[in-house]
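Each remark here refers to the structure printed beneath this line.
The values are calculated or read from the model by the stated rules, or taken from the named source; none is laboratory data. Everything numeric in this text was worked out from a predicted model, so none of it was measured. So basically every Cβ, Gly included, is an ideal-geometry build from the backbone, and we count neighbours across all protein chains shown.
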Amino acid sequence: MDKFIECGSLKMPLIGLGTFQAKDERMERALDLALNLGYRHIDTAHFYENEAAIGRVLHRWLSSGRINRADLFITTKLPFYANKPELVEATIKQSLANLQLDFVDLYLVHFPLFLEFNPVEMKLEIKEHTDIVAVWKQMEEQVKAGRATTIGVSNYNIQQIQEILDNATIKPACHQFEIHLSLQQPKLIEFCKSKNIAIVSYSTLGCPNSEYAKEAIAKGSALKMPHNLENAVVRKLSAKYEKSPAQILLRHMIQQGIAIIPKSTNESRLKQNLDLFGFNLTEEDMAELKTQDIQGAERVFPDTSIIGLPDHPQNPFK
Ligand code: A2P
């Protein structure tokens, strides 16, 4: 099985390191471990507030010659609070300065809509219509300026991607969205594949033990975690293949040609999440896992976590 998928003009390693919950020294330690283990695809975002920590580690590895820039695949994202055409250039420049890089391999629009922080409710809020195409035009400018080799989107629906395709000079190379055992998203996957858009699954494990989730729930968010690691079919296959439940869930994704970015700061789990190429799930087992998709499944990132989004005409999850 190929360990890469095509992402525009680039080859993206199928397994990347997610970094959402890690910051500062914890992030630096995890990235050092991950690079030592062989991770070369790193997924971050301006919103994660860890670009500078990642930049410090990358600088150490690159300046000492322990790694070549050409062997790395670095993704970062335009945050929802900068989702306006006039903010794109300044925001990617800031991300590049944080990361101590001249360019990223992939720059994604993190969320299709401009969102503000509501300090009273301590939640994100949608107040206005977002011109998705105008933002995309500025994303294209970043490719022309050499700040991003490829560009893509995250958390869009089919109509929103189609709107970009209808107006783009540079097509989205990638779509990163929530896909896991109980939220398998077959229509969105089929659509992206038909348009040659590389797919990256986030929350592939269902985001267990996430600090972010615990905090969000404590603040009253509607966030709920799917219990995919405890799923009976996953447990059965874990025993059959002598692999952990996480490895079954991750292998299930990459075997569909979908890239994954599991996040961990723990060495043995980082190692485990990279060790997915020595076994193959049979067609029958893949088919049984398919039956575990749930209509109206809980999302790790639900629209109800954003004020005004559930009834908004641009809600990407509808
Ligand atoms: P930790 O950093 O302690 O390993 P997701 O990628 O779905 O968002 O899930 C990330 C969460 O899953 C993190 O809290 C991480 O915790 C945990 N995790 C990562 N890899 C594994 C694994 N192989 N088995 C169990 N939990 C894992």
What number of residues in segment 155-178 are within 19 Å of N315 (Cα to Cα) and in a helix (DSSP H, G or I)? 8
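Scan segment 179-191 for residues that are of a type outside the set (A, V, I, L, M), in contact (Cβ under 8 Å) with a residue 12 or more places away in the chain, in a helix (DSSP H, G or I) and within 22 Å of F4 (Cα to Cα) and jot them down. If you could, list the steps in order and put the result at the bottom.
Here is the first cut: in segment 179-191, the residues of a type outside the set (A, V, I, L, M) are 180, 182, 184-187, 190-191.
Still in the running and in contact (Cβ under 8 Å) with a residue 12 or more places away in the chain: 180, 182, 184, 186-187, 191.
Subset that is in a helix (DSSP H, G or I): 186-187, 191.
Residues satisfying the conditions are P186, F191.
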Can you pull out every residue in segment 287-305 that is surrounded by 15 or more Cβ atoms within 10 Å (Cβ to Cβ), hydrophobic (A, V, I, L, M, F, W, C) and away from the ligand (no atom under 15 Å from the Cβ)? L289
Does any residue in segment 233-249 that is free of Cβ contacts under 8 Å to residues at least 12 places away in the same chain and within 14 Å of N280 (Cα to Cα) come within less than 7 Å, Cβ to Cβ, of a residue that is within 11 Å of the ligand (Cβ to nearest atom) and part of a helix (DSSP H, G or I) six or more places away or on a different chain, and which pairs are these? S238/P245; S238/I248
Filtering segment 212-235 down to residues that are surrounded by 14 or more Cβ atoms within 10 Å (Cβ to Cβ) and at pLDDT 95 or above, which residue is farthest from the ligand (Cβ to nearest atom)? V233
(1) farther than 21 Å from C174 by Cβ; (2) in a loop (DSSP other than H, G, I, E, B): which one isn't true of L113, the others all being true? (1)
Which residue, of E190, E163, E178, is surrounded by 20 or more Cβ atoms within 10 Å (Cβ to Cβ) and among the acidic types (D, E)? E178
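Being within 16 Å of the ligand (Cβ to nearest atom) and among the aliphatic types (A, V, I, L, M) is the filter; apply it to segment 156-209 and report the residue that is nearest to A259 (Cα to Cα).
V200
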Looking at segment 236-280 only, could you name the residues that are farther than 21 Å from L35 by Cβ and among the aromatic types (F, W, Y)? Y241, F279
Of the residues in segment 263-286 that are part of a loop (DSSP other than H, G, I, E, B) and touching a Leu at 6+ places or on another chain (Cβ under 6 Å), the one that is surrounded by the fewest Cβ atoms within 10 Å (Cβ to Cβ) is S264
Of all residues in segment 1-37, count the ones that are away from the ligand (no atom under 16 Å from the Cβ) and part of a loop (DSSP other than H, G, I, E, B). 5
Scan segment 4-22 and report the pairs whose first residue is closer than 18 Å to Q272 by Cβ and whose second residue is among the acidic types (D, E) and surrounded by fewer than 18 Cβ atoms within 10 Å (Cβ to Cβ), with Cβ atoms within less than 8 Å and a gap of 6+ or a chain change. L14/D2; Q21/E211
Looking at segment 263-281, is at least one residue under 30 Å from A218 (Cα atoms), among the acidic types (D, E), within 16 Å of the ligand (Cβ to nearest atom) and under 22 Å from the mean Cα position of the chain (by Cα)? yes
